[in-house]
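Contents: one structure, followed by commentary.
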Amino acid sequence: MKQFLISICFFISITASSQELYVFSEPASNMPSHALSPKQYIKVLNNAKTNKIESRYTSEMMIGINKNLMIHAAATLSDMYTEGHRWESVRLYSKYRFYTKDDMFSHFRLAAFAEIAHSNNQPKYEELSLEGDQSGVQFGLIATQLLHKLAISSTVSVIESLQESRRDPSYFPIYPYQAVNYSLSAGYLVAPRTYTSYDQTNVNIYLEVLGQNSLDRKLHFIDLAPAVQLIFNSSSKLNLGYRFQVSGNMNRMSNNSFLLSYEWVFLNAFK
């Protein structure tokens, strides 16, 4: 009976806000308390400098500490800075939801997050990223509004590179080390039109605007990122997204990339 009630609660949680499980950004909402969620994803791009197809594999574990706090830990493997695939980076992410307003078919939430990453790579490009490209820290705020089948979320953060090479005159100020990241994300629940069981497959579509402005140099980019998501049995999801630049003057590894990921959720995994 206990497991049944937990499943029902999670089913209600997923079906009420599945359209805010964004592919390229995080919402202000958190995963269920005491849940574990392993995630595997691959990013594929055509490197503008080498004209080679390169890839990054990421293994991530997400932990729901309680309804307001969750933690991510991730490690990456890639060939984006070397001839072959090698271990590349680790990072830790924490998000705290500090405001919630729930209504019958809508809710509004605010959260703060912090992230720290260590990477083996040295600067080659002007974009700041903690996905595996650089060592650094990031702090930000997220606001998410759910309106029935539509979810809209906005994020703003400050990111700073902690690479040792930033103190080397041959690197600085060639490469920026401080920037503002921002995003505006929308998700819409396409199917099912009516819920009858948690075995039904959810289909969500997303469109996200992702941008960065350097604080120490006059550099920027703005990307668009459409994506589709399938949620199976209210316990796992498959994401497929494409990200491409629409404006910018940064020297980036690539102006477009594909992302494919799969994620599982294990409820009541610890107490």
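The values are calculated or read from the model by the stated rules, or taken from the named source; none is laboratory data. Remember, it's a predicted structure, so these values are computed and weren't measured experimentally. Note that we place each Cβ from the backbone using ideal geometry, even for glycine, and neighbour counts take in every protein chain shown.
The table for this structure:
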{"item": "Meets criteria (assigned to a loop (DSSP other than H, G, I, E, B) and closer than 30 Å to Met104 by Cβ) for Ser183", "result": "no"}
{"item": "Residue match in the stretch 94-115 (condition: modelled with pLDDT of 95 or more and loosely packed, with under 14 Cβ neighbours inside 10 Å)", "result": "yes"}
{"item": "Residue pairs meeting the criteria (Cβ under 7 Å; at least 6 apart or on separate chains; first outside any strand (DSSP E or B), in the stretch 91-114; second not polar (S, T, N, Q))", "result": "Phe105/His148"}
{"item": "Conditions (1) within 18 Å of Leu128 (Cβ to Cβ); (2) in contact with an Asp or Glu (Cβ under 7 Å, 6 or more places away or on another chain); (3) buried (at least 17 other Cβ atoms within 10 Å of the Cβ): number failed by Ser185", "result": "(1)"}
{"item": "Boolean, Ser161 is small (Gly, Ala, Ser) and out of contact with any Pro (no Cβ under 8 Å at 6 or more places or on another chain)", "result": "no"}
{"item": "Which listed residue is out of contact with any Ser or Thr (no Cβ under 7 Å at 6 or more places or on another chain), modelled with pLDDT of 90 or more, buried (at least 17 other Cβ atoms within 10 Å of the Cβ) and of a type in the set (Lys, Arg), from Lys237, Lys218", "result": "Lys237"}
{"item": "Scan of the stretch 33-51 for residues that are of a type outside the set (Ser, Thr, Tyr), more than 16 Å from the chain's Cα centre (by Cα) and surrounded by fewer than 20 Cβ atoms within 10 Å (Cβ to Cβ), ordered by number", "result": "His34, Leu36, Asn46, Asn47, Ala48, Lys49, Asn51"}
{"item": "Residue match in the stretch 63-71 (condition: modelled with pLDDT under 95, under 30 Å from Gly248 (Cβ atoms), out of contact with any helix residue (DSSP H, G or I) (no Cβ under 7 Å at 6 or more places or on another chain) and assigned to a loop (DSSP other than H, G, I, E, B))", "result": "no"}
{"item": "Flag if Lys149 is within 30 Å of Val228 (Cα to Cα) and more than 16 Å from the chain's Cα centre (by Cα)", "result": "yes"}
{"item": "Some residue of the stretch 192-201 being of a type in the set (Ser, Thr, Tyr), at pLDDT 95 or above, surrounded by fewer than 16 Cβ atoms within 10 Å (Cβ to Cβ) and in contact with a strand residue (DSSP E or B) (Cβ under 9 Å, 6 or more places away or on another chain)", "result": "no"}
{"item": "Candidate set: the stretch 198-248, residues that are of a type in the set (S, T, N, Q), in a strand (DSSP E or B) and in contact (Cβ under 8 Å) with a residue 40 or more places away in the chain; chosen: the one nearest to Glu160 (Cα to Cα)", "result": "Ser214"}
{"item": "Candidates Ser247, Ser261, Ser254 - the one that is under 14 Å from the mean Cα position of the chain (by Cα) and either buried (at least 17 other Cβ atoms within 10 Å of the Cβ) or among the small types (Gly, Ala, Ser) (or both)", "result": "Ser261"}
{"item": "Test: residue in the stretch 165-178 that is part of a strand (DSSP E or B) and touching a strand residue (DSSP E or B) at 6+ places or on another chain (Cβ under 6 Å)", "result": "yes"}
{"item": "Residue that is farthest from Ile71 (Cα to Cα), among those in the stretch 120-134 that are in contact with a Leu (Cβ under 9 Å, 6 or more places away or on another chain) and touching a residue at least 40 places away in the same chain (Cβ under 8 Å)", "result": "Glu126"}
{"item": "Criterion violated by Glu127 - all others in (1) under 18 Å from Phe24 (Cβ atoms); (2) in a strand (DSSP E or B) satisfied", "result": "(2)"}
